[in-house]
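Some notes on the structure that comes next.
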């Protein structure tokens with residue numbers, strides 16, 4: 001349930017971003033301008049991944065140490081060390097998978113999906129995602145790779 005609620009939170013952000021961006025492009029450029037592959041990579045990174053990493057790091061790095069979805073479901077992130085540092089590491093690693101997906105898709109659009117870089121990014125994104133899921137399912141403490149590296153975990157309040 002927590003993942004679904006956080007997905008809704010992210011979806012609302014992305015829909016707002018889309019609305020503002022389309023309006024801006026219509027007013028400023030009379031339509032969506034053409035972007036190069038590199039420009040598209042930067043736009044995706046700076047408008048979706050970086051703001052969400054920062055937002056989730058802020059929510060999970062200070063009281064009540066929980067994203068919106070975690071708060072609604074009674075979960076809380078705990079840290080062995082600094083919550084600020086741990087939260088930033090945890091969220092960079094979690095959203096890195098998403099960034100790899102963006103990079104794969106954008107590269108595929110511009111250069112073809114049989115491009116080595118697109119294939120590598122997709123393979124890493126899916127492989128790491130599956131690793132995170134399997135770790136949560138098989139570990140007693142339900143910690144995944146990002147939690148282990150950040151010295152964090154999720155617990156009921």
Taking a crude spin-label model, label points 7 Å out from Cα along the C-beta direction, the residue 142 to residue 20 distance in nm is 3.3 nm
I want to check the label-to-label distance for residue 116 and residue 39. Put each point 7 Å from Cα in the C-beta direction and report it in nm to one decimal.
2.8 nm
Between the alpha-carbon centers of segment 1-65 and segment 73-102, tell me the distance in whole angstrom.
17 Å
Per the helix-only model, the chain has a calculated mean residue ellipticity at 222 nm (DSSP H runs of ≥4, -39500 (n - 2.57) each, divided over all residues, rounded to the nearest 500) of -23500 deg cm²/dmol
Any idea what % of Cα-Cα pairs in segment 26-104 are farther than 14 Å?
68 percent
log10 I(q)/I(0) for the chain, Debye formula on C-alpha points only (no solvent), q = 0.20 Å⁻¹, two decimals, reads -1.30
For segment 28-92: relative contact order, % (alpha-carbon pairs under 8 angstrom, 6 or more apart):
31 percent
Assuming a viscosity of 0.890 mPa s and a temperature of 25 °C, what translational diffusion coefficient in µm² per second does Stokes-Einstein assign to segment 66-119, Rh being the Kirkwood radius over Cα pairs?
183 µm²/s
Label zone at residue 8 (point 7 Å along Cα-to-Cβ), backbone N below 16 Å, segment 49-73:
67-73
Relative contact order of segment 2-157 (C-alpha contacts under 8 Å, at least 6 apart) in percent is 24 percent
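Here, each number is a calculation from the coordinates, and none is a lab measurement. Everything numeric here is computed off the predicted structure, so don't read it as measured data. Every residue, glycine among them, receives a Cβ derived from its backbone with ideal geometry; neighbour counts consider all protein chains shown.
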